[in-house]
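Report on one structure; see the data block that follows.
What follows draws every value from the coordinates through simple rules; no lab data is involved. The model shown is predicted, which means the values in this text are computed figures rather than measured ones. Cβ coordinates were reconstructed from backbone atoms using ideal geometry, including for glycine residues, and neighbour counts include every protein chain displayed.
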Amino acid sequence: MQAAHAGIQAAHAFPTDDPSPNLVVLAVGDASALARAVTRARDADVPITTFFETDDDMGFTAAATAPLTRAQGRIFRDYRLWSAPEVRRVRASASNADGCGFEPHRALHAGSLAS
């Protein structure tokens with residue numbers, strides 16, 4: 001949910017003419033790791049916005065960038081993609097009928113950035 005809040009903020013902060021920008025959700029371990037990721041993005045001149053959750057004193061919980069070029073997106077290559085427990089469970093046991101082993105997280109990542 002926090003990533004959705006940050007994404008809405010980014011949509012307002014960084015308008016685009018792209019009718020269908022892609023979304024990639026990355027995971028970090030804690031608020032300190034999130035702060036480091038934001039600093040890394042800002043140091044690379046990547047437009048980024050942060051979300052501060054006031055409920056339950058959660059604080060700084062998420063960040064979102066403007067739509068990125070492939071080169072800009074490379075600064076995030078060391079971060080893992082977020083996946084829900086249900087997706088991990090399906091991915092661990094899934095092998096579709098034609099045997100290609102489709103993995104939803106990889107498909108999302110592969111098409112996530114502009115050329």
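Taking the number of other C-beta atoms within 10 Å as the exposure measure, put Phe14, Phe51 in order starting with the fewest. Before the final figure, lay out the partial values.
Working: Phe14 15, Phe51 21.
Ascending Cβ contact count within 10 Å gives the list Phe14, Phe51.
Pulled fully out, how much extra length does the chain show between Arg77 and Glu53, if you take 0.36 nm times their separation in residues and subtract their Cα-Cα distance? Each step should come with its number before you reach the end.
Values: separation 24, 0.36 × 24 = 8.64 nm, distance 2.64 nm.
Extending this stretch completely gives an extra 6.0 nm.
Could you work out how far apart the two model spin labels at Asp18 and Ala44 are, taking each label as a point 7 Å from the Cα in the direction of the beta carbon, and quote it in nm?
With each label placed 7 Å out from Cα toward Cβ, I get 1.5 nm.
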